[in-house]
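Worksheet for the structure shown next.
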Amino acid sequence: MQLVVARIGRAHGIKGEVTVEVRTDEPELRLGPGAVLATEPATVGPLTIETGRVHSGRLLLRFEGVRDRTAAEALRNTLLIADVDPEQLPEDPDEYYDHQLVDLDVVLADGTEIGRITEISHLPSQDLFIVERPDGSEVMIPFVEEIVTGIDLEEQRAVIDPPPGLIDDSEAEIASARDAGDETPDAGDEN
């Protein structure tokens with residue numbers, strides 16, 4: 001199985017290094033020196049990682065045969081793709097690869113069907129399940145343990161305990177300081 005593990009960003013310096021937007025939880029495994037990666041577009045690759053380092057919080061890579069800024073800039077926006085054994089699991093039992101989660105049925109603890117995971121969206125603050133409901137609509141479910149209470153790969157399902165309003169807008173609770181009874185005296189009140 002092929003998985004996108006990074007996207008090449010802009011050139012860094014004049015010696016062929018590039019910044020990369022990491023799209024894997026295991027960059028040390030997938031993006032280490034010597035790794036040979038397929039590319040999208042395929043005509044650019046395969047690319048072999050020669051060196052890697054972190055600079056100012058960003059991963060910088062240099063590929064074999066890429067020696068100057070012009071060659072590095074030509075790689076911009078290329079996707080890096082690794083071959084992954086579909087049976088391989090992350091080391092941490094509470095982590096999952098995207099391909100393991102896509103197509104899982106999403107259900108409530110009582111078994112009520114919510115939908116099917118069609119995509120995992122990786123945001124800076126958290127990951128989201130994009131779930132297609134039986135009626136064709138979509139709902140986004142934060143992949144946090146307070147909401148996603150269980151993942152069962154054998155049963156092919158994710159069990160959730162959503163807060164009111166996450167799945168059904170009619171259950172939403174509106175919280176406002178005004179609704180709680182504002183006990184702050186008005187400027188004209190005398191106390």
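The values are calculated or read from the model by the stated rules, or taken from the named source; none is laboratory data. Owing to the predicted nature of the structure, the values given are computational and were not obtained by experimental measurement. Because the Cβ atoms are built from the backbone with ideal geometry, glycine has one as well, and the counts that use them run over all protein chains shown. All accessible areas refer to the heavy atoms of the entire protein, side chains included, with ligands and DNA or RNA removed. Shrake-Rupley method; radii C 1.70, N 1.55, O 1.52, S 1.80 Å.
Do the conditions hold for ARG76, that is, is it within 14 Å of ARG10 (Cβ to Cβ) and either among the charged types (D, E, K, R) or surrounded by fewer than 18 Cβ atoms within 10 Å (Cβ to Cβ) (or both)? So ARG76 passes the test. The residue that is farthest from the chain's Cα centre (by Cα), counting only those in the range 99-109 that are at pLDDT below 90 and either among the β-branched types (Val, Ile, Thr) or farther than 20 Å from LEU3 by Cα (or both), is ALA109.
Answer with yes or no whether ARG67 is closer than 23 Å to ASP161 by Cα, of a type in the set (Lys, Arg) and open to solvent by 70 Å² or more (accessible area, probe 1.4 Å). The answer is no for ARG67. Considering (1) within 15 Å of LEU101 (Cα to Cα); (2) open to solvent by 60 Å² or more (accessible area, probe 1.4 Å); (3) among the hydroxyl-bearing types (Ser, Thr, Tyr), the lone condition that SER121 does not fulfil carries the number (2). Can you pull out the residues in the range 28-43 that are surrounded by fewer than 16 Cβ atoms within 10 Å (Cβ to Cβ) and not hydroxyl-bearing (Ser, Thr, Tyr)? Of everything in the range 28-43, those that are surrounded by fewer than 16 Cβ atoms within 10 Å (Cβ to Cβ) and not hydroxyl-bearing (Ser, Thr, Tyr) turn out to be GLU28, LEU29, GLY32, PRO33, GLY34, VAL36, GLU40, PRO41, ALA42.
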